Amino acid sequence: VQRYYCKNCRIKFVNGTAFKGMKNKVAAIIAALDLYFRGISLRQLAEHLELTYGIKVSHGTIYNWIKRYVQLVNKYVDGLQVNSSKRWHMDDTLVRVSGRHMVVWALLDGETRFLLALQISSKRGAEEAQTLIQKGLKATKSIPSELISDGLGSYRIAIEKEFKSKMKKDR
């Protein structure tokens, strides 16, 4: 990246095409982010950038790029509403965190596989499932006609509670 120096104010700057404060090529940073989210390891990315772009960066640098730009993108994405399909998929997974069992809840759009809502809780109850559905409804512009889940009874109760109230409002 071409860097400039102002002799009057003694400020260093780059042209407007580079990411602020970054000395590497924009295309290389974007490629690294894209490949990371496609499942390529950080060390493989460092090797790829060296072979493809001639840029020698450490896997730690790439990790710092990811942290920096994910935070930046999250600021803009959090307020957006998504156009989702009429079919959503709900699932929960039990994970162990610091010796405690926690439940990770996820709500995905059936067509795009876009993550509509994510929640972590200590219980697998209907209340937590209903909160997940409410988060999904806030994130999207449409109401699903189909919710697909496993046989957990909490889902059935949450769906009935959440959508009975919606159906009464629509009538």
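Below are the figures for this structure:
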read-out	value
Once the Cα gyration tensor of the chain is diagonalised, semi-axes √(5λ) in Å	43, 20, 15
GluC sites (Glu not before Pro) restricted to DSSP loop in the stretch 87-171 with at most 16 other C-beta within 10 Å	GLU111
Heavy-atom accessible surface of the stretch 40-171: percent carbon and sulfur, 1.4 Å	53
Solvent-accessible area per residue, Å², over the chain with all protein chains present [probe radius 1.4 Å]	70
Karplus-derived 3J(HN,Hα), 6.51/-1.76/1.60, for each residue of the stretch 99-116, Hz, glycine and proline x	x, 9, 7, 10, 10, 9, 9, 9, 10, 10, 6, x, 8, 9, 6, 6, 6, 7
Heavy atoms of LEU107: accessible area, 1.4 Å probe, square angstrom to 10	0
Helix-only mean residue ellipticity at 222 nm for the chain, each DSSP H run of n ≥ 4 adding -39500 (n - 2.57), per residue, nearest 500	-14500 deg cm²/dmol
Principal-axis tilt of helix 59-77 within the chain, Cα atoms, nearest 10 degrees	50
Full-extension gain in nm, MET102 to LYS135, via 0.36 nm per residue minus C-alpha separation	10.0 nm
For the stretch 72-168, diffusion coefficient by Stokes-Einstein and Kirkwood Rh (Cα), 25 °C, 0.890 mPa s, µm²/s	176
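The values are calculated or read from the model by the stated rules, or taken from the named source; none is laboratory data. Treat the numbers as computed from the prediction; the structure is a model and nothing was measured. Reconstructed Cβ throughout: ideal geometry from the backbone, glycine too, with neighbour counts over all protein chains shown. All accessible areas refer to the heavy atoms of the entire protein, side chains included, with ligands and DNA or RNA removed. Shrake-Rupley method; radii C 1.70, N 1.55, O 1.52, S 1.80 Å.
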